[in-house]
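One structure is given here, and the rest of the page talks about it.
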Amino acid sequence: MIRVASVQTDPTMLDVSGNVDAMVAAMHRLAAEGVQLAVFPELATTGYMFADADECRTVSEEVPDGPTCARLLAACTELGMHIVFGIAERDGERLYNSSALLGPDGFIGRYRKLHLWDQENVVFSPGDVGLPVYDTAVGSIGILICYDIWFPEAARTLALAGADLLCVPTNWVPLTAGNDADGRAMANILCSANSHCNGVPIVAADRCGTERGQEFLGRSVITAPSGWYAAGPASPSDEDVIIADLDLSGIGASRQLNQFNNTFADRRLDAYRV
């Protein structure tokens, strides 16, 4: 069993120091509750609504050699915690919408968002590190970011590669046809579907609030391998934290639907076309 948290925040645009202060404070509170892995939103350190690439560049950092990773690594070491968080990564002249995975023993890895959403396309370069799975003391972790969850191939690739858990830092926005009248959001449904079809839990940490006129969805969720919620959805409007205890010892068991059917074993690769 591991205890995981999805930390729904409302970061202040361009205030990296203040946003990281709030993240470290949250980590201390979560450590007191026994949380071993905390997931923070997409671009949690900087805010999201960049005017252009030049503005993003002013708050971008190298990963893991920048000051933000250094501060958060120190907190991970002090607290014995793993975290996944979104950051504007600078690599030479390129900018990436990235997430970093840190643990008590140091930097573990990064993921660069493959599927860029809307105006991200004029700020960031598409991800170029593929879909890595990182082995950690709390399980094998794969990372997706926001719009990536709309692509079943991405979650399936991570599950096939041995991921025990998918972490999804996100900045979901309301979609005209994507939210039901009863408060459900399509993003939540997609998390449930990807968990169910792949037999892996998902920890999705969204942001909330409104930034430069853009409203965000909130409603962070943690799904069990069955696809049902283990925690959440979180508040649609306010900062929130949801926590769940996940049993990773039998990951994949929920793929066995009955004595005949398994969602991995039954794949008909002979019939699929790319």
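The values are calculated or read from the model by the stated rules, or taken from the named source; none is laboratory data. Quantities reported herein were computed from a predicted structural model and do not represent experimental measurements. With ideal geometry, Cβ positions are generated from the backbone for all residues, glycine too; neighbour counts draw on all protein chains shown. Accessible surface is based on the protein model in full, side chains and every heavy atom, while ligands, DNA and RNA are left aside. Shrake-Rupley method; radii C 1.70, N 1.55, O 1.52, S 1.80 Å.
Can you confirm whether Ile145 is open to solvent by less than 60 Å² (accessible area, probe 1.4 Å), among the β-branched types (Val, Ile, Thr) and free of Cβ contacts under 8 Å to residues at least 60 places away in the same chain?
no
Given the range 202-274, what strands (runs of 3 or more DSSP E) lie entirely inside it while holding 1 or more residues that are in contact (Cβ under 8 Å) with a residue 60 or more places away in the chain and basic (Lys, Arg)?
Where strands (runs of 3 or more DSSP E) fall fully within the range 202-274, none carries at least 1 residues being in contact (Cβ under 8 Å) with a residue 60 or more places away in the chain and basic (Lys, Arg).
Sort out which residues of the range 201-232 are at positive phi and within 16 Å of the chain's Cα centre (by Cα), and write them in order of number.
Gly218, Arg219, Gly232
Is there a residue in the range 154-163 that is over 15 Å from the mean Cα position of the chain (by Cα) and hydroxyl-bearing (Ser, Thr, Tyr)?
Yes: the range 154-163 contains one or more residues that are over 15 Å from the mean Cα position of the chain (by Cα) and hydroxyl-bearing (Ser, Thr, Tyr).
Just to check your reading of the model, which residue among Asp10, Asp15 is open to solvent by 40 Å² or more (accessible area, probe 1.4 Å) and touching an Asp or Glu at 6+ places or on another chain (Cβ under 6 Å)?
Result: Asp10 is the single residue among Asp10, Asp15 that is open to solvent by 40 Å² or more (accessible area, probe 1.4 Å) and touching an Asp or Glu at 6+ places or on another chain (Cβ under 6 Å).
Could you list, in sequence order, all residues of the range 96-122 that are among the charged types (D, E, K, R) and either open to solvent by 50 Å² or more (accessible area, probe 1.4 Å) or on the phi > 0 side of the Ramachandran plot (or both)?
Filtering the range 96-122 down to residues among the charged types (D, E, K, R) leaves 105, 110, 112-113, 118, 120.
Of everything in the range 96-122, those that are among the charged types (D, E, K, R) and either open to solvent by 50 Å² or more (accessible area, probe 1.4 Å) or on the phi > 0 side of the Ramachandran plot (or both) turn out to be Asp105, Arg110, Asp118.
Identify all residues within the range 233-274 that are under 27 Å from Asp135 (Cβ atoms), of a type in the set (A, V, I, L, M) and within 27 Å of the chain's Cα centre (by Cα); write none if there are none.
Correct list: Val241, Ile242, Ile243, Ala244, Leu246, Leu248, Ile251, Ala253.
With open to solvent by less than 60 Å² (accessible area, probe 1.4 Å), among the small types (Gly, Ala, Ser) and touching a helix residue (DSSP H, G or I) at 6+ places or on another chain (Cβ under 9 Å) as the only criterion, which of Gly218, Gly252 stands out?
That would be Gly252, the only listed residue that is open to solvent by less than 60 Å² (accessible area, probe 1.4 Å), among the small types (Gly, Ala, Ser) and touching a helix residue (DSSP H, G or I) at 6+ places or on another chain (Cβ under 9 Å).
Counting only residues that are touching a Leu at 6+ places or on another chain (Cβ under 7 Å) and not aliphatic (A, V, I, L, M), which one in the range 72-84 is surrounded by the most Cβ atoms within 10 Å (Cβ to Cβ)?
His82
Please note which strands (runs of 3 or more DSSP E) are completely contained in the range 41-114 and include at least 1 residues that are of a type in the set (S, T, N, Q) and touching a Phe, Trp or Tyr at 6+ places or on another chain (Cβ under 7 Å).
Counting at least 1 such residues, we get 94-103.
Looking only at the range 99-135, which residues are under 20 Å from Glu55 (Cα atoms), among the acidic types (Asp, Glu) and over 18 Å from the mean Cα position of the chain (by Cα)?
Asp118
Consider only pairs whose beta carbons are under 7 Å apart and that are at least six residues apart or on different chains; among these, list those whose first residue lies in the range 56-68 and is closer than 18 Å to Phe107 by Cα and of a type in the set (Asp, Glu) and whose second residue is open to solvent by less than 20 Å² (accessible area, probe 1.4 Å) and assigned to a helix (DSSP H, G or I).
As it stands, the answer is Glu61/Thr68, since those pairs meet every condition given.
With the requirement that a residue be in contact with a Gly (Cβ under 7 Å, 6 or more places away or on another chain) and either within 23 Å of Arg207 (Cβ to Cβ) or open to solvent by 10 Å² or more (accessible area, probe 1.4 Å) (or both), what does the range 162-172 give you?
Answer for the range 162-172, where residues must be in contact with a Gly (Cβ under 7 Å, 6 or more places away or on another chain) and either within 23 Å of Arg207 (Cβ to Cβ) or open to solvent by 10 Å² or more (accessible area, probe 1.4 Å) (or both): Asp164, Leu165, Leu166, Pro169.
Hey, can you tell me all the residues within the range 173-195 that are in contact with a strand residue (DSSP E or B) (Cβ under 8 Å, 6 or more places away or on another chain), at pLDDT 95 or above and either farther than 29 Å from Ala161 by Cβ or open to solvent by 20 Å² or more (accessible area, probe 1.4 Å) (or both)?
Ser192
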